[in-house]
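Novice: Can you keep this structure in mind? I'll have questions shortly.
What follows is calculated from the coordinates using simple rules that are stated; it is not laboratory data. Small disclaimer: the values here were computed from a predicted structure and weren't measured. Cβ: placed from backbone, ideal geometry, glycine included. Neighbour counts: every protein chain shown.
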Amino acid sequence: MKQWIFEEIFERSPVAMLLVKDNGEIALVNRHAEHMFLYERSELIGSKIETLVPENARGRHPALVKEYLNAPLSRQMGKGRNLFGVKKDRSLFPIEVGLNPIEIDEQVFVLSSVIDITERQRAEEKFKAAVEAAPNGMLMIDSTRKIVLINKKIEEIFGFTRDELVGNTIEMLVPEDFKGHHPKFVESFLRKPESRAMGIGRELFGRHKTGKLIPVEIGLQPITAGGETFVISSVVDITYRKHAETEIQRKTEELEEFSYRTSHDLRSPLKSIAGMAECILEDLEEKNEEAVRENVRRISSLSVKLMSLIEDILTLTKVEASQEKADPFRFEEYATLFREKYKALLLENRVQVEFNFLHQKDLTAQPTRLTQVLDNLISNGAKYFDEKKDNRSVKVRTFNNAHRFFIQIEDNGVGIPVERQEEVFGMFKRFHGPSVQGSGLGLYLVKKQIHKMDAQISFESGASGTVFYLEFPLIAPGLDGHGI
């Protein structure tokens, strides 16, 4: 009775079952094994178990069977590596194998249970493909905090390779000053696992391979597989967003200052013009022609200043929107045009402008932007001359190395007061009183244009004059013809 029950259990098992002798011959198979391997029962019984083993493993397999029979214990076969079975049509399929020793009539047999894990592997591959294709960084850790899975985006964000991360603890990606506390946070989450965003209300950072901190957003999703809890983390690098937020804040503050200063600088001369216009009416009634002429001259002077301010404001509004194509800049042509444009200023102030072009490679840049920068810096050198010096000059020099292009603009003028040199590129900053016309936006515009050309600007200034240093990449932004 008992034997009949055990035979039925063996035959009707939903798992493929094979009973193998100690010499490797198959003694029994059940119907599920027939279906799985596509053999008739009669074809398998009496044949070697190696019939169902891939060719590249058959030579080693008898030794593995012998090794198992020397210490027969119930266990999984091939744990931690991929196992495959071979069907009658020679096709391979992934399997899991369980081994159990059985002693019958003083002879040891091995009962093998075989599970086809093709569908499971397909599901795992789909899962891995979905994780790999995710636009955010994705990683999974186990209950011991070890990283078991990452996608390519994680490699890009943190600079580590897959081999460097998988198998190590998640603390590899945690900032140094937070590493000691992090295991407790993981333990706390695993005690009450639920989908949530990590670090709500505070800034989070990950640690790049270089040690650099990266601002991130992290979402946590617990999953259970095989009785173990894992945590999937989605990681978003928000560096660009942080930069954008900082830039928006900076521009907001800049706009507030600009609005205040512009309204002040426009309102004040307009009030003066209105007042002088009333004086002119009074002077006309009194037939005081000289007073009328003087007030008209003042109105004309104020109007010129207002026009200059408005031109600078219009230029400023165009800085962000310019879509000019970048081209090789023609310095010789620029020098000729500059002398023509500022001929009156140079003659009036007796300033000599010298151009010395020593560069061996062309500078590719947006010509209008660069022209505005050069015009401003060179004309400033001519405007703010030193009355005590007879030989007044502005010297422009260009040169380059393999990767960078340099422009130096040196004058021997009055210089910039040392105590105010930190303000040089600020909005509406003037350093030498009302004797020279200007809006105070010139160097602010220069800095804006330099930034848009991906270049750098610095200066030195003292009693002997001022030198501005401009540095450009030789492969400039905007080469695609769309500008910056």
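Novice: Estimate the FRET efficiency between residue 103 and residue 242 by the formula 1/(1 + (r/R0)^6), using the beta-carbon distance for r and 60 Å for R0, to the nearest 0.05. Present the calculation step by step, with values, prior to reporting the outcome.
Specialist: Details: r = 69 Å, r/R0 = 1.15.
It comes to 0.30.
Novice: Then there is this: Translational diffusion coefficient, Stokes-Einstein: compute it for the stretch 337-378 using the Kirkwood radius over C-alpha pairs as Rh, at 4 °C and 1.567 mPa s, and state it as an integer in µm² s⁻¹.
Specialist: Numbers: Rh = 12.0 Å.
For these conditions, the coefficient is 108 µm²/s.
Novice: What distance in nm separates the simple spin-label points at residue 401 and residue 303, each placed 7 Å from Cα in the Cβ direction?
Specialist: For residue 401 paired with residue 303, the spin-label model returns 5.4 nm.
Novice: Between residue 213 and residue 195, how many nm apart are label points set 7 Å from Cα along the C-beta direction?
Specialist: 3.1 nm
Novice: Stretch residue 184-residue 63 to full length: gain in nm at 0.36 nm per residue minus the Cα-Cα span? Mind dumping the intermediate values first?
Specialist: Values: separation 121, 0.36 × 121 = 43.56 nm, distance 4.70 nm.
Computed gain between residue 184 and residue 63 is 38.9 nm.
Novice: Take every Cα-Cα pair in the stretch 1-157 and report what % of them are more than 26 Å apart. Let's see the in-between values first.
Specialist: Values: 4822 of 12246 pairs.
That fraction is 39 percent.
Novice: For 47, 74, which order do you get if you count the other beta carbons within 10 Å of each Cβ and list the fewest first? Could the numbers behind the result be given before it?
Specialist: Values: 47 14, 74 9.
Ordered by Cβ neighbours within 10 Å, fewest first: 74, 47.
Novice: Decide, for the stretch 95-173, between rounded, prolate and oblate: order the square roots of the alpha carbon gyration tensor eigenvalues as a ≥ b ≥ c, take rounded if a/c falls under 1.5, and otherwise choose prolate if a/b is larger than b/c, else oblate. Spell out each step's value before the answer.
Specialist: On the way: a/c = 4.91, a/b = 2.38, b/c = 2.07.
Since a/c reaches 1.5 and a/b is larger than b/c, the shape of the stretch 95-173 is classed as prolate.
Novice: Could you tell me how many degrees, from 0 to 90 and to the nearest 10, lie between the Cα long axis of helix 239-285 and the main elongation axis, the longest principal axis, of the Cα atoms of the chain?
Specialist: Roughly 20 degrees between the two axes.
Novice: Beyond 22 Å, how much of the Cα-Cα pair distribution for the stretch 121-237 remains, as a whole percent?
Specialist: On the way: 1869 of 6786 pairs.
That fraction is 28 percent.
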